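This report concerns only the one structure given below.
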Amino acid sequence: MIESQRHSYHLVDPSPWPISGSLGALATTVGGVMYMHPFQGGATLLSLGLIFLLYTMFVWWRDVLRESTLEGHHTKVVQLGPRYGSIPFIVSEVMFLFAFFRASSHSSLAPTVEIGGIWPPKGIGVLDPREIPFLNTPILLSSGAAVTWAHHAILAGKEKRAVYALVATVSLALVFTGFQGMEYYQAPFTISDSIYGSTFFLATGFHGFHVIIGTLFLIICGIRQYLGHLTKEHHVGFEAAAWYWHFVDVVRLFPFVSIYWWGGI
Amino acid sequence: MAMAVVRSSLLRTALRRKPPTAAPPRRNFASAGHHSDEHETAKWEKITYLGIATCTVLSIYNLSKGHPHHEEPPLDSYLTGFRTRLLNLFPSLATAASLEEEYVYKKIVETHA
């Protein structure tokens, strides 16, 4: 913290990134609408908007890392902000995914006449829950154990072990995504095959999307741990990634039980 | 007056004082209250290796026993598939759909002319 400062709070410098992020989002939405309707230049505007948005995310987070890790602006009281912010964010994500699981259980508990009054719907061949779906569940739970190993290693000051643990976490996450891709490729139904296909791909797809986001989050944490950014006293970014990862791996139990197992027998 | 000066100077001194520099208490896991971080690191490392070994065995078992081959899924996209099924169910819609398509196409041509 700067010596002349008389308080523990971080008064941020003026930054161009909020307005550049807003312009990127505007270009992305307008470009997206143009692309989905027959307007010329829609794809170009959409691509430029996305590139601009990704660039803003990169430079904004780069600035935050500089302020926190190199300039020491993230005091204990400042760290409370992202810590408290992560909790409602993860709760909202849980609610988002539960809406899709509920959609599936709602349709399966009272199957309509249009799908033959049975679940899985008439004519739908489902995946065997004892194969890839079951295998993917311990894979994700093991990666949850690996991230806890990384957390304890950081707290114990064992930098190398923490890097190994994060490599194990990310590797298991990539194996999970690979198996999920294989499962989608082999699925005997598509997203357009009745309410079963729609709810199955929407719920498991959004869960898989969250796994990919969490994997990217953990890769960044692994790189930062390798570079020596994370210390036993200050590793809020890692803690947020670990919480997110536990949310992703615990939530996996719900589609496994309600969609693959209960919905597939 | 003298009292006010003293009080004001005391207040200024208090405000200018450096923030407390003592290290805040460490955050620990609720489940690890009685163990050191070294012990917990070793424990979770073992759990991870056990998990990886279990998943490897399960993967080998799953991949080696083969998998059922289902009928090829339809190649059409969601909307095309939906439309085809709808038109098969209600053939009278086919005429309406083609007329609507023609109208939309004309509108697009007019807009871009």
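When restricted to residues that are touching a residue at least 60 places away in the same chain (Cβ under 8 Å) and outside any helix (DSSP H, G or I), segment A:232-246 contains 3.
When you check residue A:99 against the structure, is it farther than 30 Å from residue A:5 by Cβ, touching a residue at least 40 places away in the same chain (Cβ under 8 Å) and surrounded by fewer than 16 Cβ atoms within 10 Å (Cβ to Cβ), yes or no?
For residue A:99, the condition - farther than 30 Å from residue A:5 by Cβ, touching a residue at least 40 places away in the same chain (Cβ under 8 Å) and surrounded by fewer than 16 Cβ atoms within 10 Å (Cβ to Cβ) - is not met.
Among residues of segment A:4-24 that are more than 14 Å from chain B (Cβ to nearest Cβ), those with a beta-carbon under 9 Å from a residue that is small (Gly, Ala, Ser) and part of a helix (DSSP H, G or I) at least six positions away or on a different chain give the pairs A:23/A:49; A:24/A:49. Are there any pairs with C-beta distances below 7 angstrom linking a residue in segment A:126-151 that is more than 7 Å from chain B (Cβ to nearest Cβ) and under 19 Å from residue A:199 (Cβ atoms) to a residue that is of a type in the set (D, E, K, R) and in a helix (DSSP H, G or I), with the two at least 6 apart or on different chains, and if so which? Between residues of segment A:126-151 that are more than 7 Å from chain B (Cβ to nearest Cβ) and under 19 Å from residue A:199 (Cβ atoms) and residues that are of a type in the set (D, E, K, R) and in a helix (DSSP H, G or I), the close pairs are A:127/A:183. Output the residues belonging to segment A:38-83 that are within 22 Å of residue A:227 (Cβ to Cβ), free of Cβ contacts under 8 Å to residues at least 60 places away in the same chain and under 21 Å from the mean Cα position of the chain (by Cα). Passing the criteria: A:54, A:55, A:57, A:58, A:59, A:60, A:61, A:62, A:64. Step by step: first the residues of segment A:187-200, then only those that are in contact (Cβ under 8 Å) with a residue 12 or more places away in the chain and assigned to a helix (DSSP H, G or I), then the one that is surrounded by the most Cβ atoms within 10 Å (Cβ to Cβ). Which residue is that? The residue in question is A:200. Out of curiosity, is residue A:157 out of contact with any Asp or Glu (no Cβ under 9 Å at 6 or more places or on another chain) and of a type in the set (Gly, Ala, Ser)? No: the conditions fail for residue A:157. Only a single criterion out of (1) surrounded by 15 or more Cβ atoms within 10 Å (Cβ to Cβ); (2) at pLDDT below 90 is not satisfied by residue A:2, namely (1).
The single residue among A:29, A:69, A:56, A:44 that is among the β-branched types (Val, Ile, Thr), modelled with pLDDT under 95 and assigned to a helix (DSSP H, G or I) turns out to be A:69. Of A:111, A:38, A:120, all but one fail to be out of contact with any Ser or Thr (no Cβ under 7 Å at 6 or more places or on another chain) and over 30 Å from residue A:265 (Cβ atoms); the exception is A:38. Out of curiosity, is residue B:81 within 19 Å of residue A:187 (Cβ to Cβ), surrounded by 10 or more Cβ atoms within 10 Å (Cβ to Cβ) and either modelled with pLDDT under 60 or more than 9 Å from every other protein chain (Cβ to nearest Cβ) (or both)? Judged against the criteria, residue B:81 is a match.
Scanning segment A:218-230 for residues that are within 17 Å of the chain's Cα centre (by Cα) and surrounded by fewer than 18 Cβ atoms within 10 Å (Cβ to Cβ) yields A:219, A:220.
When segment A:247-265 is limited to residues that are part of a helix (DSSP H, G or I) and of a type in the set (Val, Ile, Thr), the one that is nearest to residue A:201 (Cα to Cα) turns out to be A:259. Of all residues in segment A:207-246, which are within 20 Å of residue A:80 (Cβ to Cβ) and either in contact with an Asp or Glu (Cβ under 7 Å, 6 or more places away or on another chain) or of a type in the set (D, E, K, R) (or both)? If the condition is that a residue be within 20 Å of residue A:80 (Cβ to Cβ) and either in contact with an Asp or Glu (Cβ under 7 Å, 6 or more places away or on another chain) or of a type in the set (D, E, K, R) (or both), then A:232, A:233, A:239 are the ones that fit. Hey, does segment A:190-209 have a residue that's in contact with a His (Cβ under 8 Å, 6 or more places away or on another chain), farther than 29 Å from residue B:49 by Cβ and within 12 Å of chain B (Cβ to nearest Cβ)? Scanning segment A:190-209, I find no residue that is in contact with a His (Cβ under 8 Å, 6 or more places away or on another chain), farther than 29 Å from residue B:49 by Cβ and within 12 Å of chain B (Cβ to nearest Cβ), so the answer is no.
The values are calculated or read from the model by the stated rules, or taken from the named source; none is laboratory data. All values derive from a computational prediction rather than experimental measurement. We place every Cβ from the backbone using ideal geometry, glycine too, and count neighbours over all the protein chains shown.
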